[in-house]
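The values are calculated or read from the model by the stated rules, or taken from the named source; none is laboratory data. In this text the structure is predicted, and so the values were computed from the model without any measurement. Here the Cβ positions follow ideal geometry from the backbone for every residue, glycine too, while neighbour counts run over all protein chains shown. Side chains included, ligands, DNA and RNA excluded: accessible areas come from the protein's heavy atoms. Shrake-Rupley method; radii C 1.70, N 1.55, O 1.52, S 1.80 Å.
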Amino acid sequence: MLLLALHLMWAALTSATCYEPSVAHPLPEYDADDVLLKRVFAFIDTALTTTAAAPEYASTSFSVEVTSSKESLWSYHHTARVRNASRHDIPEVNGDALYRIASVTKSFTVLGVLYQHVAGNLSLDDSIDTYIEELKGEQEGTIPWKDITLRTLASQLSGIPSDFIAQSDLINRPFDFPYTPEELGFPPASRDDLMKSVKSRAPVFAPNQKSTYSNLAFELLGLAIENATNQTYESYINDAIFKPLNMTKSSLSKPPDSAGIIPFEPHYWGVDVGIQSPTGGIYSSTTDLSKYLRYILTHYNGITSAANWAHPASPSRGLNSFYGMPWEIYQTDRILQKSRRTVRFITKAGGLPGYSSIIMTVPEYDLGITILLAANNDIFGKIQELVTVEVVRAAEQIAIQQLQKRYTGTFASAEPDLNSSVTLVADHRGLVVIEFISNSTDFTNSDLMKYIGAPRDGRYYVQLVPTLLHRDEKAKLGELWRFVVTAERKNGDQDIWDDFCITNIESPTYANVPINEVAFWNGKGKAFDTLELSAFRTNLSRTDDSKTELKPEYQIVMEL
Ligand SMILES: *[C@@H]1O[C@H](CO)[C@@H](O)[C@H](O)[C@H]1NC(C)=O
Ligand SMILES: *[C@@H]1O[C@H](CO)[C@@H](O)[C@H](O)[C@H]1NC(C)=O
Ligand SMILES: *[C@@H]1O[C@H](CO)[C@@H](O)[C@H](O)[C@H]1NC(C)=O
Ligand SMILES: *[C@@H]1O[C@H](CO)[C@@H](O)[C@H](O)[C@H]1NC(C)=O
Ligand SMILES: *[C@@H]1O[C@H](CO)[C@@H](O)[C@H](O)[C@H]1NC(C)=O
Ligand SMILES: *[C@@H]1O[C@H](CO)[C@@H](O)[C@H](O)[C@H]1NC(C)=O
Ligand SMILES: *[C@@H]1O[C@H](CO)[C@@H](O)[C@H](O)[C@H]1NC(C)=O
Ligand SMILES: *[C@@H]1O[C@H](CO)[C@@H](O)[C@H](O)[C@H]1NC(C)=O
């Protein structure tokens, strides 16, 4: 029977090779007192202190915070040694210190749009002229507004230009441009200015053709929010996001100087960006942005059924980068030390004269990271590289250790005449099945494996990958995992198509149950004691821990 089911599915299995086909572990759980975390954060502390001591950063201030979805894990604040004595900003930088977060604001604008989509006040797939009267009328320009939806604007796929034509050199001026618009006599841009500008323009690309960065897109989305809610953008963001998330310090109006970090001129601390607020107007702190990131980590796939908020929404031409809504997503296979499994950073960066910022989540590690900086931003990339690399490597090690503690071991049938057992180990590959015997048939070392996608050259291992679902979703009991045959990377020459990986985790079924599904039971706060082979209708009990020691070659040693 089983063989029959396997044969039926054979035709559906592709020959695509996925070397690391899946995230390999459930979300790690962090304890801020964990020895490894403490060591890593101490290392980062020292490195940041050393770097910031360089003379070129004498007047640079910055704040960095790392949070899980549950709690803040670590923060670091650096106060400039040389400051403007006649400017009374915050005396010592701390987690409440306010910076301009510039384009990180775009993510708040999109969240507002998603909320209004859920409320039924607007639709992501409506064209923008549905919500902006002026775009319906005659225009000198050639942008096809009725083909541009809120979703394409949010995903940087609208093809509209980046900025105001008349003011792009002033409002969006270079980091060190020495004047503010007020100094040159320009008032903050108004809705009329914006409409005049966009209605006289030509597109960069046709809608949905290619992605290109646009600030204007978010100014229009801000107006769509105002139209849908009949509230100003500022009051809507306050009511719908800052208040519910308890982001008590965040604001779209200039806060008192005493709450902020104000570098030497040139800077944009006090500049009212007017109609451009939805693209770059927010002032915020690391404490508040960590609250926001904790919300995102726990809700990114639950805000609306219209989109997973963390997913790529449009391609960028590079191998590793994508736009989300409005995220800038980076996926790399070079960050883990023993594996080329990809890690994805869902980021949004921002810059205004005097300020640089980034927020990011790493959903598979349940991490959120914020970096805010005022003044010389040459140090920004160094902070980002150091913090993300060290923290993700530590998170990977914690994730593998937790796999090791809770899931590994030999599980065997308690029935004396049923010779069925599964042995699991954890290493840099994830949770690996080293033996699977069902009623005396040794699956792992049999021909049967080729029917579930094992490469014919025998260079593969069998791995269990988490689905993050449960047999009983309400009670969160019976964690469901799937076993998957994973090809090992070839040494030497690679074929061009070797990187083509079309994920397929589904397997043949037996009596309607996927044969590669297992459920882990009875493991709240401890090692799971039961492994259910769903399609085999069998429960195996943990018998022996001796095989679960991590082989030395798979032990990850942090190189600090
Ligand atoms: C929203 O836009 C529509 C169409 O452009 C317009 O008719 C309506 O009056 C606007 N509503 C608000 C509250 O601005
Ligand atoms: C939907 O829009 C109306 C006004 O147009 C507003 O009163 C209501 O609060 C909005 N719903 C939500 C959930 O924001
Ligand atoms: C709310 O709607 C009224 C009537 O259409 C309009 O006069 C007012 O300007 C709107 N307010 C906002 C903030 O859009
Ligand atoms: C809101 O944030 C403030 C400041 O961070 C904190 O003291 C307070 O306990 C928070 N309130 C809630 C309900 O979480
Ligand atoms: C120092 O602060 C004063 C008061 O705000 C300001 O006028 C001056 O331009 C600032 N100097 C520099 C170099 O930023
Ligand atoms: C195990 O295999 C034996 C011999 O083929 C068979 O008689 C028995 O029913 C099988 N046990 C189960 C639980 O399927
Ligand atoms: C269980 O089956 C395996 C694989 O066929 C075999 O090597 C092993 O000896 C069997 N164990 C028992 C107790 O029968
Ligand atoms: C396996 O054990 C779990 C938890 O005790 C139980 O809910 C499930 O029904 C069992 N499955 C089988 C096939 O016995």
(message) Tell me the residue from A80, A85 that is within 16 Å of ligand 5 (Cβ to nearest atom), assigned to a loop (DSSP other than H, G, I, E, B) and open to solvent by less than 20 Å² (accessible area, probe 1.4 Å), please.
(response) A80
(request) Please find, within the range 288-308, the residue that is farthest from T370 (Cα to Cα) out of those that are of a type in the set (S, T, N, Q) and surrounded by fewer than 22 Cβ atoms within 10 Å (Cβ to Cβ). (result) S305
(message) I'm trying to understand the selection: among the residues of the range 475-497, which are of a type in the set (D, E) and surrounded by 12 or more Cβ atoms within 10 Å (Cβ to Cβ)?
(response) E479, E488
(request) Need at least 2 residues that are within 16 Å of ligand 7 (Cβ to nearest atom) and closer than 30 Å to R393 by Cβ per element, so show me which strands (runs of 3 or more DSSP E) inside the range 419-525 make the cut, counting only ones lying wholly within it. (result) 421-427, 430-438
(request) Identify all residues within the range 345-376 that are hydroxyl-bearing (S, T, Y) and touching a Pro at 6+ places or on another chain (Cβ under 9 Å); write none if there are none. (result) Y355, Y365
(message) Condition (residue is of a type in the set (A, V, I, L, M, F, W, C), open to solvent by 30 Å² or more (accessible area, probe 1.4 Å) and modelled with pLDDT under 90) applied to the range 503-525: is it met by at least one residue?
(response) yes
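Just need a number here: residues in the range 342-364 that are outside any strand (DSSP E or B) and more than 18 Å from P312 (Cα to Cα). Write out each step before concluding.
First, pick out the residues of the range 342-364 that are outside any strand (DSSP E or B): 342, 353-354, 363-364.
Among the residues that remain, those that are also more than 18 Å from P312 (Cα to Cα) are: 353-354.
Total satisfying the criteria: 2.
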(request) Kindly provide the set of residues from the range 18-50 that are touching a helix residue (DSSP H, G or I) at 6+ places or on another chain (Cβ under 6 Å), open to solvent by 10 Å² or more (accessible area, probe 1.4 Å) and either within 30 Å of D457 (Cα to Cα) or among the hydroxyl-bearing types (S, T, Y) (or both), ordered by number. (result) V23
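Against the condition more than 16 Å from ligand 6 (Cβ to nearest atom) and modelled with pLDDT under 95, how does I329 come out, does it pass? Talk me through it step by step, then tell me what you get.
Numbers: more than 16 Å from ligand 6 (Cβ to nearest atom): yes; modelled with pLDDT under 95: no.
In short, no.
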(request) Test each condition in (1) out of contact with any Gly (no Cβ under 9 Å at 6 or more places or on another chain); (2) at pLDDT 95 or above for L464 and report the one that comes out false. (result) (1)
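Residue-by-condition table, conditions (1) open to solvent by less than 60 Å² (accessible area, probe 1.4 Å); (2) touching a strand residue (DSSP E or B) at 6+ places or on another chain (Cβ under 7 Å); (3) away from ligand 4 (no atom under 16 Å from the Cβ); (4) assigned to a loop (DSSP other than H, G, I, E, B):
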| site | (1), (2), (3), (4) |
| --- | --- |
| P207 | yes, no, yes, yes |
| F218 | yes, no, yes, no |
| G222 | yes, no, yes, no |
| I225 | yes, no, yes, no |
| I241 | yes, no, no, no |
| E265 | no, no, yes, yes |
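Only one of K291, K338, K249 is at pLDDT below 95, away from ligand 7 (no atom under 16 Å from the Cβ) and of a type in the set (K, R); which?
On inspection, the qualifying residue turns out to be K338.
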(request) Kindly provide the set of residues from the range 294-331 that are in a loop (DSSP other than H, G, I, E, B), without any contact (Cβ under 8 Å) to a residue 60 or more places away in the chain and of a type in the set (A, V, I, L, M, F, W, C), ordered by number. (result) A310, L319
(message) Tally up the residues in the range 412-435 that are crowded, with 22+ Cβ neighbours inside 10 Å and within 16 Å of ligand 6 (Cβ to nearest atom), please.
(response) 1
(message) Tally up the residues in the range 440-492 that are free of Cβ contacts under 8 Å to residues at least 60 places away in the same chain, over 30 Å from G525 (Cβ atoms) and of a type in the set (D, E, K, R), please.
(response) 7
